[in-house]
Amino acid sequence: MVAVVVEMNSVKSREAEISVHNQAYEVGESSVSDASDEVAEAKVQPNALQKRARLQKELTFQDLYENQELFDEDDDEDGDWDPSQLQKCLEVIKWLCKNCTVDNINDDVCCRICGEHKDSKILSLGHFASPFAPDEDLNEIRPTIKGLRDIDPLESAANSSTAIGFDERMLLHAEVEMKPHPHPERPDRLRAIAASLARAGIFPGRCCSIPAREITQEELMMVHSSEHIESVEVTSKLMSSYFTSDTYANEHSACAARLAAGLCADLASAIVSGRAKNGFALVRPPGHHAGVKDVMGFCLHNNAAVAALAAQAAGAKKVLILDWDVHHGNGTQEIFEQNNSVLYISLHRHEGGAFYPGTGGAHEVGYMGAEGFCVNIPWSRGGVGDNDYIFAFQHVVLPIASEFAPDFTIISAGFDAARGDPLGGCDITPSGYAQMTHMLNALSGGKMLVILEGGYNLRSISSSATAVIKVLLGDSHVCELENSFPSKSGLQTVFEVLDIQNNFWPSLKPIFMNVMSLWKMYCLAKKSKPTKKRRRVIPPMWWRWGRRSFLFHMLNGHLRVKSK
């Protein structure tokens, strides 16, 4: 019995020992666990701090505002932080120039590129707005856009006046995605031109309008492939889409493109049939980059090509398309490069194919029986101005166009070669555009349609478009440029174009000989220019007998070094 009690006591003592051991283990384990948690927390804390620092470095002010919970833990430590400092940072914002869309620092009053005042009223006054200060003495013309559609088109048909094609629904074509820099092809382009025409009393006023109409799919099929048309139409089901990185669309873009093409077709028909003397298509999106199946370069449907075929359907057998946009109209050339009833002439920056879109070399003349009906005048550099363009008109454009004898003339009028354009980098003035329009007006009995293409400086395009329309109205007194002699690169370009095109146009042969003699004279004049002689250093006579005698004889030419 005693043995059993002893045994029971030993068992109890063993259990108590195990219990104490387990308690000690649990305490140790908990302490180890707490220590490991502290270590883990210590490891996590620097990572969190690094992440928070990285976020503070990368996020914008708007992101900081929307994610304040990421930074609330530091509030106790930043007791001396002044919230007004964030407000001061927010005040240092940038403003976008209304004229050229360049961003400027808030402290600047005028644009650092074009000089336009930050509060300019160019959208309501056009190019009549002061570029240096807000206009307070001029009344804004806000209802001009709506007023453009309220003019009775039948009133002008009897007078056979200048017709304008416009519809405010084309303003709905805009880039939806907000980017730091606005897209250059924007609705404000039409607003600025319309405001200038209204301020000048041209339209509404002296010009008539035609009712807007959306082009039909059958008419588009004469220019574009069915895949092209479908790719444009499908954008009406999307809020935002992109054909290329720079060619956008929204849900209204397909309608705007149909309206632009329809207006151009109806204007061409009205002019050819005699219901209007001439016309200006104030349309967008532009079109001369749009090819048979490609949408590119801000262009959806090729408005000039649609107008050319509409003119031929109305009775014009031969159509001239003159493209003075700074970019080559690769789409228009592709559509007509096998058609000898349409003559396409383009003046554009090329620079050996380095300038967008890279096509339009002088050697591209058409094919399949239409050789010579594509005439490209590719400038080799930027900065080309009035003199080079007028010289090219006198020696290439007008001689070929006169020999072609068109029944109808279309101008693909991109104003991005104008002075101050952010993309073109050329130097044509409104007077230069007026002069070129005047020179073309004598062709095809004055039956001419001007279609807006590019141009992204609002002051430049509004003043240039106004100058062109004044020529169409017949009230612009165009003065001949006093000095129309071209630059060296301009003369070389014209000479190279004539060397190619005189194989197809006999009237160019005497002109080619004349320009070749001018080029030779220019090269000879450059070679015969006297070079400035370097002043000879005369050493003092006493060098002759001293340690510097070698230098004395060397400088006076007494020593000659023999070369092997």
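Got at least one residue in the range 181-190 being more than 19 Å from the chain's Cα centre (by Cα) and modelled with pLDDT under 95? If you could, list the steps in order and put the result at the bottom.
Restricting attention to the range 181-190, the residues satisfying the condition of being more than 19 Å from the chain's Cα centre (by Cα) are none.
No; the residues of the range 181-190 include none that is more than 19 Å from the chain's Cα centre (by Cα) and modelled with pLDDT under 95.
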Is at least one residue of the range 320-335 open to solvent by 30 Å² or more (accessible area, probe 1.4 Å) and assigned to a loop (DSSP other than H, G, I, E, B)?
-> no
Residue satisfying condition, being open to solvent by less than 10 Å² (accessible area, probe 1.4 Å) and under 21 Å from Ser484 (Cβ atoms), within set Val450, Val397 | Val397
Would you confirm whether any residue within the range 354-372 is within 23 Å of Asn441 (Cβ to Cβ) and out of contact with any Asp or Glu (no Cβ under 6 Å at 6 or more places or on another chain)?
-> no
Which residue pairs have Cβ atoms under 9 Å apart, sit 6 or more places apart or on different chains, and have a first residue in the range 323-335 that is within 14 Å of Ile451 (Cβ to Cβ) and of a type in the set (D, E, K, R) and a second that is open to solvent by less than 20 Å² (accessible area, probe 1.4 Å) and part of a helix (DSSP H, G or I)?
-> Asp323/Ala304; Asp323/Thr332; Asp323/Gln333
(1) in contact with a His (Cβ under 9 Å, 6 or more places away or on another chain); (2) not in a helix (DSSP H, G or I): which one isn't true of Thr409, the others all being true?
-> (1)
Kindly check whether there is at least one residue in the range 426-436 that is surrounded by 22 or more Cβ atoms within 10 Å (Cβ to Cβ) and charged (D, E, K, R).
-> no
Hits in the range 480-512 - residues which are open to solvent by 50 Å² or more (accessible area, probe 1.4 Å) and modelled with pLDDT under 95 | Glu480, Leu481, Glu482, Asn483, Phe485, Lys488
Pairs under 9 Å by beta carbon, first residue within 14 Å of Asn457 (Cα to Cα) in the range 186-204, partner surrounded by fewer than 24 Cβ atoms within 10 Å (Cβ to Cβ) and basic (Lys, Arg), six or more apart or different chains?
-> Asp188/Lys98; Ala192/Lys98
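Is it true that some residue in the range 203-212 is within 18 Å of Asn302 (Cα to Cα) and open to solvent by 70 Å² or more (accessible area, probe 1.4 Å)?
Taking the range 203-212 first, the residues within 18 Å of Asn302 (Cα to Cα) are 212.
Right, trim to open to solvent by 70 Å² or more (accessible area, probe 1.4 Å) and you get none.
Looking for residues that are within 18 Å of Asn302 (Cα to Cα) and open to solvent by 70 Å² or more (accessible area, probe 1.4 Å), one finds none in the range 203-212, hence no.
The values are calculated or read from the model by the stated rules, or taken from the named source; none is laboratory data. Only a predicted model underlies this, so the values are computations on that prediction, with no experimental measurement involved. Counting neighbours? That spans all protein chains shown, and the Cβs are built from the backbone with ideal geometry, glycine included. What goes into the accessible areas is simple: the full protein's heavy atoms, side chains included, and nothing from ligands, DNA or RNA. Shrake-Rupley method; radii C 1.70, N 1.55, O 1.52, S 1.80 Å.
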